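No lab work stands behind these numbers, since they all come straight from the coordinates. Keep in mind that this is a model prediction, so the values were computed, not measured. Here the Cβ is made from the backbone with ideal geometry for all residues, glycine too, and neighbour counts use every protein chain on show.
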Amino acid sequence: MVAQASITNADNKPENATRVSSAQGETILVLGDSLSAAYGIATEQGWVHLLREILHTRGSHDVINASISGETTDGGARRITTLLDTHTPDILLLELGGNDGLRGFPTRVMRDNLQRIIDAAKAANCKVHLIGMHIPPNYGPLYTQQFHNVFYELAEANELTLTPFLLNGVELNEKMMQSDGIHPRAEAQPIMANNVLQALEPLLPNGNRP
């Protein structure tokens, strides 16, 4: 992130999860904030939709995007049980924490909330892929490092696949960021989709493809 602001847009909160379907097969649930909710761009330009298109070339996948702009780990933890019961996903892509960090929420609380989501998914026999985020050092180097460490620590403790940084290759390129300096433009979305796919491969059928 290049500025301190919430990844949020109150007008962009869907009442229901958006389903991007393709017949039968693995069901993938995406639980994230505006970075996964295609904020400021068309839904079909977002990385979640692009990932679905990539997976569709390999077979049938049902991708459900339950991301909400402004979502925090607490909000995700409150919603996860209902989402799991409703959609019974095989894989959860968990992309939350950015808004917690930008608002200076305690990293311990953020970690606990993410762990609650992971535990709920595992109890529902759903595999979890964790997607990490970076924040600017507005709250000092210690907080920033603790924030970044949460994703690695959770991935290791729970033996999860991890995309360390969703915006890798995007954040420092001004041409790929919207005017707010927070949200990526449409041009950045293919890179984001690839960032996720590279680490997600082991969870997919016939994983670790070249």
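When the chain is treated as a GNM with alpha-carbon contacts under 10 Å, the residue of ALA186, ALA42, ALA155 showing the greatest mean-square fluctuation is ALA42.
Available extension along the chain between LEU172 and GLU159 is 1.7 nm, counting 0.36 nm per residue and deducting the alpha carbon span. Compute the distance from the alpha-carbon center of region 112-164 to that of region 58-78, in whole Å. Between the Cα centres of region 112-164 and region 58-78 lies a distance of 15 Å.
I'd like the GluC sites (Glu not before Pro) in region 144-210 restricted to DSSP loop residues with at most 14 other Cβ atoms within 10 Å, sorted by number. Qualifying residues, ordered by number: GLU159.
What percentages, rounded to whole numbers, describe P(r) for the chain computed over all alpha carbon pairs with 10 Å bin width beginning at zero? The calculated distribution, bin by bin, is 9, 38, 40, 13, 1. Under the simplified labelling scheme, the HIS56-GLN145 pair shows an inter-label distance of 4.6 nm, with each label point 7 Å from Cα along Cα→Cβ. Within the chain, antiparallel bridges make up roughly 20 percent of the DSSP beta bridges whose residues both belong there. For region 28-42, the Karplus equation 6.51 cos²θ - 1.76 cosθ + 1.60, evaluated at θ = phi - 60°, returns couplings of 10, 9, 9, 10, x, 10, 5, 5, 9, 9, 6, 4, x, 9, 5 Hz by residue, with Gly and Pro reported as x. Extension gain, SER179 to GLU201, is 4.6 nm, computed as 0.36 nm per intervening residue step minus the present C-alpha separation.
Packing, taken as the mean count of other beta carbons within 10 Å per residue, orders the peptides 115-127, 82-94 from highest to lowest as 82-94, 115-127.
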